[in-house]
Amino acid sequence: MGKQETIVTIWEVPDELWERIEPIILEADPPKARGRKRANPRQMLNGIMFRLRSGCQWNRLPKEFGDDSTIHRTFQRWVELGVLRQIWRDLVEGCEELGGVDWECQAADGAMGKELKDWQMAWRPEYDLIVEDHSIEDGEFQGVLIVDEPID
């Protein structure tokens with residue numbers, strides 16, 4: 001067997017990716033004309049990424065990302081404004097254009113919330129997501145479907 005290529009974990013936004021994301025953030029959440037200057041959006045995104053990837057508590061973020069309360073407020077504001085959803089859609093569209101998305105089989109895994117029993121649907125208002133859990137059907141794992149729009 002040949003040596004398998006290692007995929008590097010991204011903890012901070014690379015320059016090329018930032019060039020694509022920055023206009024989305026500035027359009028959806030422009031700095032105010034008056035008042036206190038906003039924190040660096042790239043630094044905030046790096047802190048949010050670290051928090052989401054590591055699962056650490058907000059107040060345990062490394063100081064290199066900035067003030068934990070500022071990062072958390074930025075995250076809440078971006079969720080409310082749909083900034084993260086816009087970034088996700090842009091990146092998925094870009095991958096799809098390059099032929100990098102195989103929609104036949106996609107999976108996500110996480111253990112950050114309460115387990116859904118049998119077949120349940122749960123609305124996650126903080127992310128405006130609907131989660132359908134089909135994990136126990138006829139004793140076999142069926143998967144979890146996450147959509148960002150209501151199911152008819």
Can you tell me which residues in the range 55-68 are outside any helix (DSSP H, G or I) and crowded, with 18+ Cβ neighbours inside 10 Å? Leu61
Please list, ordered by first then second residue, the pairs with beta carbon atoms under 9 Å, 6 or more apart or interchain, first in the range 69-85 and part of a loop (DSSP other than H, G, I, E, B), second surrounded by fewer than 19 Cβ atoms within 10 Å (Cβ to Cβ). Gly82/Ala28; Gly82/Asp128
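In the list Leu26, Leu61, which residue meets the criterion of being under 21 Å from Arg85 (Cβ atoms) and either aliphatic (A, V, I, L, M) or at pLDDT below 95 (or both)? Walk me through it before giving the result.
Numbers: Leu61 fails: under 21 Å from Arg85 (Cβ atoms).
None of the others qualify; the one that does is Leu26.
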Look at Glu115 and say whether it is exposed (fewer than 12 other Cβ atoms within 10 Å of the Cβ) and modelled with pLDDT of 90 or more. no
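The values are calculated or read from the model by the stated rules, or taken from the named source; none is laboratory data. All figures in this text were calculated on a predicted structure; none of them were measured in a lab. Don't worry about glycine lacking a Cβ; one is built from the backbone with ideal geometry, like all the others, and counts go over all protein chains shown.
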